[in-house]
Amino acid sequence: MIGGAAVNMRSQGAGGARGTSRISPKMVAAVALGVLAIVFIFQNTATGSVSFLFWDIEAPAWLWLTIIFVVGLAVGWVIGRSRAKRKG
């Protein structure tokens, strides 16, 4: 009981026969890698320059790392959706 009210801790999703949810090893690995990426980003605050095609841009390293991380998330999401569509 929290604050005099009972709290139902069971999941409504695909947790199993009894309705309990389990955290998958994939989810634990994803969260751990995400936390490590964020720590890495915040530890690299120096300014750096990036040359791409005919652009030469100078910006803080944390900005470049954040952009690369977000692009990686987007690519992973798109690939995951395309795999799910093929299966189902």
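What to note about this one:
- Matching residues, the range 46-66, being aromatic (Phe, Trp, Tyr) and surrounded by fewer than 13 Cβ atoms within 10 Å (Cβ to Cβ): 52, 54, 55
- Some residue of the range 28-45 being surrounded by 10 or more Cβ atoms within 10 Å (Cβ to Cβ) and not in a helix (DSSP H, G or I): yes
Every read-out reported here was derived from the displayed coordinates using simple, explicitly stated rules and does not represent laboratory data. Bear in mind that the values here come from a model prediction, so they are computed numbers and not experimental data. Glycine gets a Cβ as well: all are built from the backbone with ideal geometry, and neighbour counts include every protein chain shown.
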